[in-house]
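Inspection log for the structure reproduced underneath, given as structure tokens.
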Amino acid sequence: MTIFGLTLLLSSSLLFLIQPVVGKIVTAQFGGGAQIWSVSLFFFQLILFLGYLFSFIILKLDEKKQIIIFLGIVIIGYFFSQVPSYQIWAPVNFDHPVLTLLKKYFLYLSIPCFILGCVSTLLQKWFFRLNWGEPYFLYSISNWGSLACLILYPFLIEPYLTINSTLNLWTALFLICLSLLIICSTIFYKKLSPIKQDVSVLKPSLKQMITWLSMSSLGTMFLVATTHHLTSDIAPIPFLWLLPLLIYLMSFSLNFKNNALYNKHNKLFFILLAQVMCYLTLESTDVDLQSICYNILLFFLGVNIVHGELFEQRGNPENLQYFYLMIAFGGMLGTLFINFIVPLFLSINNDIYIVLTLFLFFTLYIFRTQNLRLFFEKRFDHLYKVTIIIFVLGINFTLLKNDYIYHERNYYGSVSIEEVSTSNGRKFHKMVNGRILHGYQFLDINDRNTPTSYYHINSPLSLTFDALRTQKESLKVGLIGLGVGTAASYLKPGDEAIFYEIDPKIIRIAQEKFNYLKDAQGSHVIRQGDARVLLNREESNKFDLLLVDAFNGDAVPTHLLTLEAFSIYRKHLSKDGILLFHVSNKYLTLDKIITVNANALNLEALTLKSSAENSFQRRSIYTAVLPKDPNIQGVIFQFLERDKFKGLFIRENNVEGLEPWKDQYSNLLSVLKL
């Protein structure tokens, strides 16, 4: 029995571990574009489902054929156990990046991941056929393995191992897993009794399978929507996305071990508290610890209710292959629905309202089908259910109501524009993505070209432009990250600018809804795509200034902060060009890693922090990477002494113990503000 549990624990851990490792490879080699992430998500969801589907099919055969077929696949796995190193993933050309990546996924990962996807259902059914008892606790064990890997990777594996070292570790563990699968198959063959399966057990009805599918989909939608809501609308804190996923896996582990958490003795309490938390969560709009706790508690209650009910309706273990196939299919549908379908008809990130509506109707479904009662008199129960329905209608009214004059959504998230008036009557448009500010612009024609927010006239960006203009009459600048186009206000006649922006909707909004680009005095072009990939393919642009501004959210594009990325940037700088990073971030001290990288490349790093003189200026932090040329540095220091920049000061960085980031190694924990 122990060997089955150990094998399931290892297989689920491996399936979870390979995804973030390959994600880092793909981001560095192919960029962080929406198509790239869509392909990655599609591949892993598809392969996992195909693994469950294959188990479902071969379990229709007699046991000896099951063993022979599965052992054949396991033996094939030995020949595909080595996941190629980081360098092998590099595309030969970028003419068809999506097809190239999909081809590499199927060539390098399809067989190992397919085998791992088969393990759960197959071993549980074999466990049951050996008359060792109900096998569902093994699914609980497999989820503990996923949960352990989820914790170990960012805190113990990523900080200490390079990508290639992690891949070698994964290959070694995968070979051990294959050996354990052979042992499990041998045990099953030797101990299998001639007892035939119970033919009196009916196959699950279509209604039952749809119920399993719906519950699984609801649980996954709850996970994705809560994660989006927490990290976009509440607080873009790095690693906050881990918490809902940990709770999600833990709820599977606890509830599939004989309803250890949610059961018939406490389900009424769980449901009532969850319904109350729906109200409190929607009422709490402040960005504080209380709001985070409300959302986490609601998700904890909700996902345990869904998974608890799912386990209660699992049916006879003789049909577990149907049960797990619906769970896998439902998980895939739920993820695809929130990530790809909802953005097509909902232009603002209100996924959480849709999920809470479905969840509240699900609680009413539980009341109706299980005859749960709150009151002795039925009329009070009916009144309570009507109250819940009215609350659901209120949720959907909130879904439709907002103060935005424009909003748009795609795979990269949603952005909204609102018109705001100050106390003295000045009006401006502000673009936000949840709690992240992308910029604003005054509406008055006399003020609308005034640089605002992090790019204000007393900012380090303004100082850099002023310093460069003492050396050259016209400038050529590159800007990674467009926002509303505020940086274009610094261009003068004769200047050239190239903006690099990954999100097509940001480009469209900056061009159509704001005037910075329209009114720019210098010439400019916008290139859509991952900046690192685009720069790597271009000839040197000889920029006098290259501004990198892509680090104000919770999902930090680390591939823009590695030594390899710095080498690409340097290729595009003129001899005395300046590389400038905007690193204002409430939760990360990214200026430290920029300083470490600069030191490794024998360059000088200077971190400047600005204050804000009014409500239209944001305090900001920039790190300039300069050649070790006293003339260039001297100009910067001269401007720091001017009254215009009296609000700027140099911040010293203690980088002791930090290592440079590379494509094969990065450690976000090392720059987390504790």
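Key figures for this structure:
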item	result
Carbon and sulfur %, accessible surface of the stretch 57-183 computed with the full protein complex present, 1.4 Å	72 percent
Difference of contour (0.36 nm per residue) and Cα-Cα distance, Thr171 to Gln82	31.5 nm
The chain: angle of helix 34-58 to the longest principal axis, Cα-based, in degrees nearest 10	10 degrees
Within the chain, longest stretch clear of exposed GluC sites (Glu not before Pro) (DSSP loop, no more than 16 other Cβ within 10 Å)	1-376
For the chain, projected area of the alpha-carbon convex hull averaged over all directions, nm²	32.5 nm²
Lys pairs under 28 Å by Cα in the stretch 583-674, provided they are eight or more residues apart or on distinct chains	21
Dipole magnitude of the chain about its Cα centre (Cβ charges: Lys, Arg +1; Asp, Glu -1), debye to nearest 20	1500 debye
DSSP-defined beta bridges in the stretch 467-621 - what % are antiparallel, rounded to 5	10 percent
Alpha-carbon centroid distance for the pair the stretch 637-665 / the stretch 120-156, whole angstrom	48 Å
Label point distance in nm, His96-Ser474, each placed 7 Å from Cα along Cα→Cβ	4.2 nm
Against the rule of thumb 2.2 N^0.38 Å, how large the Cα Rg of the stretch 269-424 comes out	1.25
Label-point gap, in nm, between Lys673 and Tyr189 - each point 7 angstrom along Cα→Cβ	6.1 nm
Simple spin-label estimate for Phe380 and Asp62 in nanometres, 7 Å along Cα-Cβ	6.3 nm
Protein accessible area in the stretch 508-595, 1.4 Å probe - carbon and sulfur %	43 percent
Part-to-part distance (alpha-carbon centres) for the stretch 515-538 and the stretch 301-318, which is given in Å	52 Å
Unit charges at the beta carbon, dipole of the chain: most positive-side option, Gly647, Val74, Asn168	Val74
Lysine-lysine proximity count for the stretch 23-159, Cα under 21 Å, sequence distance 8 or more or distinct chains	5
Whole-number D in µm² s⁻¹ for the stretch 544-591, Kirkwood Cα-pair radius fed into Stokes-Einstein, 20 °C, 1.002 mPa s	186 µm²/s
Whole-Å semi-axes of the stretch 1-131's equivalent ellipsoid (Cα gyration tensor)	32, 14, 13
Accessible carbon and sulfur surface of the stretch 387-465 relative to its total accessible area, %, 1.4 Å	53 percent
Cβ charges +1 (Lys, Arg) and -1 (Asp, Glu), total dipole of the stretch 596-663, debye	320 debye
Probe 1.4 Å, all protein chains present, accessible-area order of Lys60, Lys472, Lys264, Lys104, largest first	Lys264, Lys60, Lys472, Lys104
Accessible area of the chain divided out per residue, in Å², using a probe of 1.4 angstrom	43 Å²
Charge dipole of the stretch 554-674 about the Cα centre (unit charges at C-beta), most positive-ward option of Pro627, Ser611, Gly657	Ser611
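The values are calculated or read from the model by the stated rules, or taken from the named source; none is laboratory data. Everything numeric here is computed off the predicted structure, so don't read it as measured data. Note that each Cβ is placed from the backbone with ideal geometry, even for glycine, and that neighbours are counted across all protein chains shown. SASA here: full protein model, heavy atoms, side chains in, ligands and nucleic acids out. Shrake-Rupley method; radii C 1.70, N 1.55, O 1.52, S 1.80 Å.
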